[in-house]
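Here's the structure we're looking at; comments come further down.
The values are calculated or read from the model by the stated rules, or taken from the named source; none is laboratory data. Just so it is clear, the structure is predicted and the values come from calculations on it, not from any experiment. We place every Cβ from the backbone using ideal geometry, glycine too, and count neighbours over all the protein chains shown. Each accessible area value is taken on the protein alone, full model and side chains, heavy atoms only, with ligands, DNA and RNA left out. Shrake-Rupley method; radii C 1.70, N 1.55, O 1.52, S 1.80 Å.
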Amino acid sequence: MAAITSIKLNTGRSIPAIGLGAAASEFTPEGLADTERWFLSAIKAGYRHFDTAYVYKTEGYLGAAIRASGVPREEFFVTTKLPWFHSQDVARSFDDSLRNLGLDYVDLYLIHTPQIGEYAGGYDGPTSLAEMFGELKILETPTFNDTWAELERIHESGRARAIGVSNFSFKTLEQLSTTAKIVPAVNQVELHPYLAQTDLLEYCRKKGIVVAAYTPSGRDKVRSDPTLVALGAKYNVTSTQISLAWHVARGVVPLPSSTKEERQKQNITLPTLSPEDVESVTALDRYERIFSKIGPDGKLFGWTAEQLGW
Ligand SMILES: NC(=O)c1ccc[n+]([C@@H]2O[C@H](COP(=O)([O-])OP(=O)(O)OC[C@H]3O[C@@H](n4cnc5c(N)ncnc54)[C@H](OP(=O)(O)O)[C@@H]3O)[C@@H](O)[C@H]2O)c1
């Protein structure tokens, strides 16, 4: 089993090569409160990289787990994200995220999605997942180029050690580059064996952007793939560990989430795949999205696949 290393960002700082996804599957008060338990078990298992977001409502529990762990702040790499309905209030939203976390800086601050809009609830936004995926009024201004300029100012202040984007495509990254002074350090996208994103990966590599993978296991659908199960038997690990090892072999930073200590440990104890086995996992690609699906109205958060550049 290979040790978990880190990857150099274009800022010169490093990002741990695997992070714990810090979104709760249950948005209930009980589900959210339980996150502190599994964040703490992840810290005990050796995780130092955590991926949260303002909309996950877990920033406060992550900050509490970090403090309770007794591990010094500077050993952690904490990512959070600006919601797509806070683009008119970027400075306020960032301050709120820091306050929720109880930190005076984050290691990485991302624009959560290229879409920009507002909900009936205004700044406080949706109160449930159903509302979040429901009616979003798309705004023409500010654009994500404007939002990026605000993130650049936050970066200059030193309170976000690196800045980046999430759910950006070749098309939206090119659009961003027309005004950006800083190249994003990271682009976090859905990526797993059924959505290998090889072209986007190549583009980001050329631009010096590290790609992080969300839904990196592909959940149960990909986990049960016969090729991955067979490779698991070959390396004496689970099919999830094969997918995660494949990310690491491709220089992608996977962000697996698990509420269970045993799985958290498995997910950072990965084999080194042979180049042929990396290829056979890449060959499973079928351009299939599991999380970021276009809805029945042909849109995801108000944008079509064409607008998203998918
Ligand atoms: N930027 C974005 O727009 C965006 C969107 C979605 C997600 N994300 C980020 O990505 C993270 C992960 O995404 P995700 O939860 O969709 O995908 P995931 O980590 O691939 O899947 C999580 C699911 O897999 C199970 N699991 C984890 N490890 C396992 C193992 N070794 N064996 C069997 N089952 C295992 C977990 O169950 P148990 O908890 O029961 O172990 C959970 O049901 C999120 O927490 C979030 O940080 C970002």
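Skipping prolines and chain starts, which residues have an amide H placed within reach, meaning under 5 Å, of the one on Leu110, given they are 5 or more residues away or on another chain?
Answer set, sorted by chain and number: Thr80, Lys81, Leu82, Gly164.
Work out the charge dipole of the chain with +1 on the Cβ of Lys and Arg and -1 on the Cβ of Asp and Glu about the Cα centre, then indicate which of Gln264, Tyr123, Phe301 is farthest towards its positive end.
The one lying farthest along the dipole's positive direction is Gln264.
Over the chain, what is the mean sequence separation of C-alpha contacts under 8 Å (at least six apart), divided by residue count, expressed as relative contact order in percent? Intermediate values should be presented prior to the final figure.
Working: 552 pairs, mean separation 58.8, N = 310.
Once normalised by length, the contact order is 19 percent.
Measuring with a 1.4 Å probe in the full set of protein chains, what accessible area per residue, in whole Å², belongs to the chain?
Result: 44 Å² per residue.
Rounded, prolate or oblate: which fits the stretch 1-134, taking a ≥ b ≥ c as square roots of the Cα gyration tensor eigenvalues, rounded meaning a/c under 1.5, else prolate when a/b beats b/c? Don't skip to the end; give the middle numbers.
Working: a/c = 1.90, a/b = 1.44, b/c = 1.32.
Prolate, since a/c reaches 1.5 and a/b exceeds b/c.
Under a 5 Å amide H to amide H cut-off, with H placed in plane at 1.01 Å, what residues pair with Phe133 once short-range neighbours are removed?
Under 5 Å from the amide H of Phe133 lies no amide H from a residue far enough along the sequence or on another chain.
For Thr227 and Val183 in one chain, what is 0.36 nm times their gap in residues minus the Cα-Cα distance, to one decimal in nm? Spell out each step's value before the answer.
Numbers: separation 44, 0.36 × 44 = 15.84 nm, distance 3.69 nm.
Once the chain is fully extended between Thr227 and Val183, it gains 12.1 nm.
Through the Karplus equation 6.51 cos²θ - 1.76 cosθ + 1.60, θ set to phi - 60°, convert the phi angles of the stretch 255-266 into ³J(HN,Hα) values in whole Hz; use x for Gly and Pro.
Listing the rounded values in order: 10, x, 10, 8, 8, 10, 4, 4, 6, 4, 5, 3 Hz.
Where q = 0.07, 0.14 Å⁻¹, what log10 of I(q)/I(0) comes from the Debye formula for the chain, counting one point per Cα?
-0.25, -1.10
Roughly speaking, what is the centre-to-centre gap between the stretch 41-78 and the stretch 99-122 when only Cα atoms are used, to the nearest Å?
Their Cα centres are 17 Å away from one another.
Among DSSP beta bridges whose residues both lie in the chain, state the antiparallel percentage, nearest 5.
Details: 8 of 30 bridges.
Taking every DSSP beta bridge within the chain, about 25 percent pair in antiparallel fashion.
Under unit Cβ charges (Lys, Arg +1; Asp, Glu -1), what dipole magnitude, rounded to 20 debye, does the stretch 63-174 have relative to its Cα centre?
Working: 10 positive and 17 negative charges, 56 e Å.
About 260 debye.
Taking the Cα centre as origin and putting +1 on Lys and Arg beta-carbons and -1 on Asp and Glu beta-carbons, what dipole magnitude results for the stretch 222-282, to the nearest 20 debye?
Once rounded to the nearest 20, the dipole reads 200 debye.
Grab the alpha carbons of the stretch 179-273, take their convex hull, and tell me the volume per residue in Å³.
106
Using helices alone, I'd like the mean residue ellipticity at 222 nm for the chain: each DSSP H run of four-plus residues gives -39500 (n - 2.57), total over residue count, nearest 500.
-10500 deg cm²/dmol
Rounded to two decimals, what is the ratio between the C-alpha radius of gyration of the stretch 92-162 and 2.2 N^0.38 Å?
Against the empirical 2.2 N^0.38 Å value, I get 1.22 for the stretch 92-162.
How many nm separate the modelled label positions at Arg13 and Arg153, each set 7 Å beyond the Cα in the direction of the Cβ?
So the label points at Arg13 and Arg153 sit 2.1 nm apart.
If amide hydrogens are placed 1.01 Å from N in the peptide plane, which non-local residues have theirs closer than 5 Å to the one on Ala212?
Asn187, Gln188, Val189, Val253
Computing the accessible area with a 1.4 Å probe over protein heavy atoms, can you report the carbon and sulfur percentage for the stretch 1-122?
Percent of accessible area from carbon and sulfur atoms in the stretch 1-122: 50.
Can you give the charge dipole size of the chain about its Cα centre, rounded to the nearest 20 debye, using +1 on the beta carbon of Lys and Arg and -1 on the beta carbon of Asp and Glu?
760
Name the residue farthest towards the positive end of the dipole of the stretch 1-111 from the options Ile43, Ile111, Ala64, assuming +1 on Cβ of Lys and Arg, -1 on Cβ of Asp and Glu, about the Cα centre.
The one lying farthest along the dipole's positive direction is Ile43.
Using alpha carbon centroids, what distance separates the stretch 125-186 and the stretch 237-310, in Å?
Answer, in whole Å: 22.
Name the residue farthest towards the positive end of the dipole of the chain from the options Ile290, Val252, Val186, assuming +1 on Cβ of Lys and Arg, -1 on Cβ of Asp and Glu, about the Cα centre.
Value: Val252.
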